[in-house]
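Below you'll find the structure, written out as structure tokens, and then a few comments.
The values are calculated or read from the model by the stated rules, or taken from the named source; none is laboratory data. Remember, predicted model here, so these are calculated numbers, not experimental data. When we count neighbours, we look across all protein chains shown, and the Cβ atoms used for this are built from the backbone with ideal geometry, even at glycine. To get the accessible areas, we keep the full protein, side chains included, count just its heavy atoms, and leave off ligands, DNA and RNA. Shrake-Rupley method; radii C 1.70, N 1.55, O 1.52, S 1.80 Å.
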Amino acid sequence: MKKLTLNDYESAVAPILTDLKAHFENKEFVVSDVIDDESHQYVNLVQEGGGVLGVALVGYTYVLEKMGIRFLKLAGTSAGAINTMLLASIGYRNEEKSTEALKILSSTNLFDFVDAFWVVKRIIAWAMKYKPKLTIKALFSAIGLSLILAVVCSIFYWIYRDAPSTPALVSILYAISGVLLICSAVIVSYVYYLYYRFKRSRFGISKGNAFLKWMQGILENNGISSLKDFREKIEKTATHIQLRPTREDHLKVTDLNQPKLEDSITIIACDITKQVKVEFPKMWRLYWDDEAQVQPSAFVRSSMSVPIFFEAFQINNIPKNSVKEAWKEFFLVENLSDIPSGVQFVDGGIVSNFPINVFFNPNLKTPRLPTFGIKLDDDATTIHEYETFGSFIMGMFNTVRFNYDREFLLKNRDFEKTIGRIDVRGFNWLNFNISDEEKCQLFVKGAQTAADFLKKFDWEAYKKGREQMYHDLHAA
């Protein structure tokens, strides 16, 4: 099967861009009051998590950037955190980044991230390719049936063992029972062995080291080896940003030209040791005392640690005396004994998969720029009925991880006007063995959704809606 190139991806969305630009030929394209000297318009951007479906996020941001949109602040969880880090680390904020991000993703075999025990990795590859209907229930049913047949065969043998001539069928049944017993014992033993490895590896199938190395390599190629380097790149960006001449604003424009790392980037992770939501790099001081020793790739690795599929990401040897002020500041922890010496992180989507509220300022009457959001909708209109225990557990898991962000949107409904929803139904978010053709399809879906969103987004109407929301909030 042909390996798709960067040109193949760009050619696939070229008609979408041509149609979008033609749509704005006879009318002004305005999405923000914040611009730079090159007439780029700035927005904040929040990206939802969703495993390999994150390829669609790149398609969405690709179209935004081709239309001259740039990103002032970025936030994301899991897959959204990956694209957030790519957009933050590649080049500078006035430059187009999605083409390079696409180049990286198009040349990456996502299945390389599944750095599991070789037998398990082959089983996963086979399961993703052939999509068998084999379930845990079916597996144990087969083992149970084998044991029952083995017992029945043994009973027949012992009944006829003293007969003058043992029927040939009984001998055959006895041989079959022995084979079934041996096979069942081997299967049970191997399943137990895999569980032992699973438990020893912090309840994760894949180590996650391959992803960490991949992300760190991208950062180093862009001059970022530590959090200190990351800070210097973000805070020394010499982009002159201003407000549109028609905009009267009591806030200073200079605050846009002096970016702070902690305000510009937000990556959501879940610390299950202390059971708290963590925002990186804002809260990096909870776990380290020297930013020169912190690798920003760790922020993304902690955010994308899908439970069970990846091992929980660990940080050990936390310098308690050095971080105690941070624990007091962020979580009101005052006793040194209450600060862990090591922590484990799982997917940030457990607590906030779509952190659309992270840049919301309820005290700002009229926004200077919108916060665009990108959601990956795979079952938005589905009514779920759970017929198996596994689906029941997954239903509870999804309810927890979606509820926090959904509640914010229900209370602040005007934000719906800034959210693009990519229809990714039919794609498996954990299919890391995804083909190039499927990756391209996701990329195109993201691009088309972005084009449809920009055609209908009305900046002036959105500002009026936010003003009304401001009055409603303060009237209450």
field: Matching residues in the stretch 411-441 - criterion: being acidic (Asp, Glu) and part of a helix (DSSP H, G or I)
entry: Asp414, Glu416, Asp436, Glu437, Glu438
Where Leu286 falls short, out of the listed (1) hydrophobic (A, V, I, L, M, F, W, C); (2) open to solvent by 50 Å² or more (accessible area, probe 1.4 Å); (3) in contact (Cβ under 8 Å) with a residue 12 or more places away in the chain: (2)
message: Give all pairs with beta carbons closer than 8 Å in which a residue from the stretch 218-231 that is more than 22 Å from Ser106 (Cα to Cα) and part of a helix (DSSP H, G or I) meets a residue that is of a type in the set (S, T, N, Q) and open to solvent by 40 Å² or more (accessible area, probe 1.4 Å); count only pairs at least 6 apart in sequence or on separate chains.
response: Leu227/Gln295
